[in-house]
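Written below as structure tokens is the structure these notes are about.
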Amino acid sequence: MTTQEGYSGKDGAPFGAGLQLQWEAEPASFPMANSDLLARSLAAVWHPCTQMKRHEALPLIPIARGDGVWLVDADGRRYLDAVSSWWVNLFGHGEPRIKAAIKAQLDELEHVMLAGFTHEPVVRLSERLGALSGLGHAFYGSDGASAVEIALKMAAHYWRNVGHPAKHRFVYLEGSYHGETAGALAVTDVPVFRDAYAPLIGQHFVAPSPDPRRALPGETADDVTDRAASRLEHLLARHHGEIAALIVEPLVQGAAGMAMYSPRYLQLARAACDRHQVLLIADEIAVGFGRSGEMFASRGAGVQPDLLCLSKGITGGFLPLACVLCSDKVFEAFYHDDVSRGFLHSHSYTGNPLACAAANAVLDIFESDNVIEANRARAERWDALFGPLRNHAHVTHFRRTGMIWAFDVTDAGAGFAQRYFAAALDQSLLVRPIGNTVYFMPPYTMLDDEIRLLADGALAALDAALASDGQTQDLPLA
Ligand SMILES: *Cc1c(COP(=O)(O)O)cnc(C)c1O
């Protein structure tokens with residue numbers, strides 16, 4: 001990552017920062033049965049994005065069950081899930097309609113391989129996603145990173161199939177995050193995730209982020225958009241002969257600290273890609289399914305990508321599923337008598353019927369509950385409830401895109417993310433800052449009263465975290 005005031009620094013690791021940093025209070029407060037579970041977990045489970053040794057000092061939190069927007073630990077302590085469990089639980093935990101859809105599908109067909117076979121849930125889901133996105137061909141994977149791998153391979157193979165095999169490199173944005181597999185890491189600009197694997201990953205091109213917080217002295221947000229777009233234009237003009245695609249997180253760069261940028265950048269980027277015969281990959285793994293305020297952020301901005309990556313919210317947090325949607329133009333370049341021109345990529349669980357049934361239930365909820373409309377009204381009410389937080393003396397760049405709220409904390413001190421995470425837990429909140437950026441990605445179903453709890457608790461946690469500056473030992477990054 002480039003040097004960025006506000007979200008670089010030692011606790012600037014996206015996701016990871018909070019993850020290894022469980023709270024420090026009362027480490028031995030769990031009853032015997034739970035401490036046994038924690039010990040067994042540490043012995044047998046290698047936890048993601050974590051320096052495991054840190055758990056010598058910091059306890060895991062054993063979650064026993066979910067209850068709507070709350071997580072309940074083994075002692076009955078409740079945590080308001082203000083980050084939708086890593087951005088996946090759109091409608092909270094245990095949404096009854098999604099649960100019912102999975103149960104019904106379980107009685108019919110739990111799985112069948114998708115090569116040579118098909119089934120109703122995957123066909124229905126593909127048709128619906130095609131209608132919503134304007135991209136009529138759906139290829140499935142399991143996690144977000146698998147969708148990114150699929151999109152990158154598809155883009156490069158597309159150019160090979162149409163007679164331009166030299167176009168096999170990618171452009172990604174500063175501060176981008178696209179996942180942890182080798183291909184996805186190669187287009188991810190987060191050194192703490194990337195550096196150990198440098199010899200394993202390909203070299204691509206990085207373009208400036210349109211994040212308005214990157215404004216130079218005297219620049220407006222519009223100027224930042226124009227500058228980023230013109231640098232992209234130059235990069236594509238110079239190197240388009242070897243570039244297959246530009247990959248972007250539309251409107252919000254999540255792991256960069258919820259960098260929210262103008263839809264105009266997407267429009268300019270689309271136009272530049274068209275001028276230089278470069279495909280556009282929209283990674284909407286985080287912002288898809290209403291998180292940006294529209295069903296899909298790129299479409300909301302009036303931009304049609306060639307490839308669209310979806311995952312996270314797609315099953316409402318019930319089952320792993322990812323999807324890459326592509327245009328007719330891309331699909332047709334693979335359609336041929338020659339086998340090797342086909343997309344010979346697969347995962348064992350491609351198009352799993354249970355996961356597709358969950359995703360269909362999610363789309364049903366969007367329709368029956370008019371979620372996108374309802375969210376607009378929610379977001380306005382919630383903005384008002386976050387007012388006191390916005391006005392706090394240490395809060396800057398308070399911002400919102402759709403159903404994502406974020407702000408940066410000034411003079412936060414070293415190790416702010418972990419201090420805030422701990423202070424939030426004391427307020428019964430699950431909030432995991434990224435560096436000095438605090439963000440909320442609440443389940444859409446939170447009640448106004450619960451948002452009030454979140455707003456009050458987040459404010460109290462902010463004061464507590466600022467007051468504890470220097471009192472806790474600054475733990476080294478994972
Ligand atoms: C989370 C995320 C990914 C990776 O998805 P996984 O399911 O964690 O593999 C990729 N891109 C974006 C924008 C993400 O937020």
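The values are calculated or read from the model by the stated rules, or taken from the named source; none is laboratory data. Bear in mind that the values here come from a model prediction, so they are computed numbers and not experimental data. Reconstructed Cβ throughout: ideal geometry from the backbone, glycine too, with neighbour counts over all protein chains shown.
Residues satisfying the criterion are absent from the stretch 237-251 (criterion: in a helix (DSSP H, G or I) and either touching a Leu at 6+ places or on another chain (Cβ under 9 Å) or among the β-branched types (Val, Ile, Thr) (or both)). Listed conditions (1) farther than 27 Å from Ala64 by Cβ; (2) outside any strand (DSSP E or B) are all met by Trp86, apart from (1). Among the residues of the stretch 425-450, just one is part of a helix (DSSP H, G or I) and in contact with a Lys or Arg (Cβ under 8 Å, 6 or more places away or on another chain), namely Asp448.
Considering only the stretch 173-182, I want to know if a residue exists there that is over 20 Å from Gly254 (Cα atoms) and out of contact with any Cys (no Cβ under 8 Å at 6 or more places or on another chain).
Step one: of the stretch 173-182, the residues over 20 Å from Gly254 (Cα atoms) are none.
No - not one qualifying residue is present in the stretch 173-182.
Suppose we filter Ala460, Ala465 for residues that are outside any loop (DSSP other than H, G, I, E, B), under 19 Å from Ile61 (Cβ atoms) and of a type in the set (A, V, I, L, M, F, W, C); which single one remains? Just one listed residue meets the conditions, Ala465.
Looking at the stretch 80-111, which of its residues are polar (S, T, N, Q) and either surrounded by fewer than 21 Cβ atoms within 10 Å (Cβ to Cβ) or away from the ligand (no atom under 16 Å from the Cβ) (or both)? Working first, answer last.
Taking the stretch 80-111 and keeping what is polar (S, T, N, Q), we get 84-85, 89, 105.
Selection gives Ser85, Gln105.
Selection of the stretch 165-199 for residues being surrounded by fewer than 16 Cβ atoms within 10 Å (Cβ to Cβ) and over 18 Å from Cys309 (Cα atoms) yields Pro165, Ala166, Pro191, Asp195, Ala196, Tyr197, Ala198, Pro199. Applying the set (1) within 21 Å of Leu125 (Cα to Cα); (2) modelled with pLDDT under 95 to Cys326 leaves exactly one unmet item: (2).
Could you say which residue among Glu332, Glu284 is within 16 Å of the ligand (Cβ to nearest atom), among the acidic types (Asp, Glu) and at negative phi? Let's see the steps before the verdict.
Numbers: Glu332 fails: within 16 Å of the ligand (Cβ to nearest atom).
Going through Glu332, Glu284 in turn, the sole match is Glu284.
Here Ile314 passes the criteria (1) assigned to a loop (DSSP other than H, G, I, E, B); (2) in contact with a Phe, Trp or Tyr (Cβ under 9 Å, 6 or more places away or on another chain) except the one numbered (1). You will find that of Ala156, Ala166, the residue that is away from the ligand (no atom under 15 Å from the Cβ) and part of a loop (DSSP other than H, G, I, E, B) is Ala166 and no other. State yes or no: is Ala196 away from the ligand (no atom under 14 Å from the Cβ) and small (Gly, Ala, Ser)? Considered against the rule, which asks whether it is away from the ligand (no atom under 14 Å from the Cβ) and small (Gly, Ala, Ser), Ala196 comes out as yes. Report whether or not Ala229 is crowded, with 16+ Cβ neighbours inside 10 Å, modelled with pLDDT of 95 or more, in a helix (DSSP H, G or I) and of a type outside the set (S, T, N, Q). Considered against the rule, which asks whether it is crowded, with 16+ Cβ neighbours inside 10 Å, modelled with pLDDT of 95 or more, in a helix (DSSP H, G or I) and of a type outside the set (S, T, N, Q), Ala229 comes out as yes.
Scanning the stretch 130-149 for residues that are crowded, with 24+ Cβ neighbours inside 10 Å and in a helix (DSSP H, G or I), we see that the one that is farthest from the ligand (Cβ to nearest atom) is Ser133.
For the criterion of being within 16 Å of the ligand (Cβ to nearest atom), touching a residue at least 24 places away in the same chain (Cβ under 8 Å), of a type outside the set (Ser, Thr, Tyr) and touching a Lys or Arg at 6+ places or on another chain (Cβ under 8 Å), Phe318 passes.
Residues of the stretch 202-226 that are of a type in the set (D, E, K, R) and buried (at least 21 other Cβ atoms within 10 Å of the Cβ): Asp211, Arg213, Arg214.
Being more than 24 Å from Arg169 (Cα to Cα), in the same structural domain as Gly183 (by TED's automatic domain parsing), crowded, with 24+ Cβ neighbours inside 10 Å and within 14 Å of the ligand (Cβ to nearest atom), is that true of even one residue in the stretch 240-247? Outline the logic, then answer.
Quick first cut of the stretch 240-247, residues more than 24 Å from Arg169 (Cα to Cα) only: none.
No - not one qualifying residue is present in the stretch 240-247.
Mind checking which pairs have a first residue in the stretch 371-383 that is assigned to a helix (DSSP H, G or I) and a second that is surrounded by 13 or more Cβ atoms within 10 Å (Cβ to Cβ) and among the basic types (Lys, Arg), Cβ under 8 Å, 6 or more apart or different chains? Here the result reads Ala379/Arg400; Asp383/Arg400, each pair linking the stretch 371-383 to a residue that is surrounded by 13 or more Cβ atoms within 10 Å (Cβ to Cβ) and among the basic types (Lys, Arg). When the stretch 169-184 is filtered for residues that are assigned to a loop (DSSP other than H, G, I, E, B) and in contact with a strand residue (DSSP E or B) (Cβ under 9 Å, 6 or more places away or on another chain), the ones remaining, listed by number, are Glu174, Gly175, Ser176, Tyr177, His178, Gly179.
Out of the residues in the stretch 287-309 that are of a type in the set (Gly, Ala, Ser) and surrounded by fewer than 24 Cβ atoms within 10 Å (Cβ to Cβ), which is farthest from the ligand (Cβ to nearest atom)?
Taking the stretch 287-309 as the starting set, the residues that turn out to be of a type in the set (Gly, Ala, Ser) are 288, 290, 292-293, 297-298, 300-302.
Okay, now just the ones that are also surrounded by fewer than 24 Cβ atoms within 10 Å (Cβ to Cβ), so 290, 293, 300-302.
Working: Gly290: 15, Gly293: 16, Gly300: 16, Ala301: 16, Gly302: 20 Å.
Here the answer is Gly302.
Among the listed residues Gln277, Gln267, identify the single one that is closer than 25 Å to Gly293 by Cα and away from the ligand (no atom under 15 Å from the Cβ). I'd like the intermediate steps shown before the answer.
Working: Gln277 fails: closer than 25 Å to Gly293 by Cα.
Step by step, each of Gln277, Gln267 is checked, and only Gln267 is closer than 25 Å to Gly293 by Cα and away from the ligand (no atom under 15 Å from the Cβ).
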